[in-house]
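All remarks here apply to the structure that follows.
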Amino acid sequence: AATRTLAALSPLHYGTFGGAALKFLYLGLGLATSVMIALGNMVWIERRANSAEGKQSPQFYDRLSRLTAGVCTGLAVASVAVFYTEVAYRGDEETRIFWIGVTYFGAWILSTVFAFFAVNSYRATRALMYVTGIGMLGIPALSSVSAGELFSTAMLRGHFAAPAADIAMFVLGILTLVVGSRLPTERQEEKSKKRRSAPTASLVVENLSEEAA
């Protein structure tokens, strides 16, 4: 019964039935759901950390924010790490699945631990996005080494699926790095507070004039 249930649910989970349109629909729905959950968690934390709604200490919400950033962004790091294990592994199928699991959950746990001990969730998210982007950029080169030919050569021979995946990974890697570079390193209100609290040039000149007088 368990095997039949798994066999029935697997096509639904991976979208392996239907044509390309269904697969793109699965992709869109999966990304939208993931982003909605991650942003929903962060909005919930932010509202309680910076308003009267929060009943816990600021340190509690700060730790929860860093933990959420690690869990959510670490999933992307773990997913990219699996590509490298797939290519590097040499062995039987059963052991391969085991090491893929070790790589996936190991990268996920390491990312979460890194974020939890980071300065804040903003810097943790930015750093993990850099790791994800760089990892994506390396996948086409990894595929070329594994296949023994460039993706352009494969396309000339009429093979488009793998080269298309490599090109998609390269483009997504660049986009991830660009987005990561534009992320703030701290909460925007905190920056505003620092600017307001910092002495302005006119105030410094005024104080020096008073001291001279």
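The values are calculated or read from the model by the stated rules, or taken from the named source; none is laboratory data. None of these values were measured; they are calculated from a predicted model. Cβ: placed from backbone, ideal geometry, glycine included. Neighbour counts: every protein chain shown. With ligands, DNA and RNA removed, areas are computed over all heavy atoms of the protein, side chains included. Shrake-Rupley method; radii C 1.70, N 1.55, O 1.52, S 1.80 Å.
Numbers at a glance
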{"read-out": "Solvent-accessible area of residue 3 with every protein chain in place, 1.4 Å probe, in Å² to the nearest 10", "value": "110"}
{"read-out": "Separation between Cα centres of segment 127-143 and segment 1-76, rounded to whole Å", "value": "21"}
{"read-out": "Within segment 21-111, trypsin sites (Lys or Arg not before Pro) in DSSP loop having at most 11 other beta-carbon neighbours inside 10 Å", "value": "55, 90"}
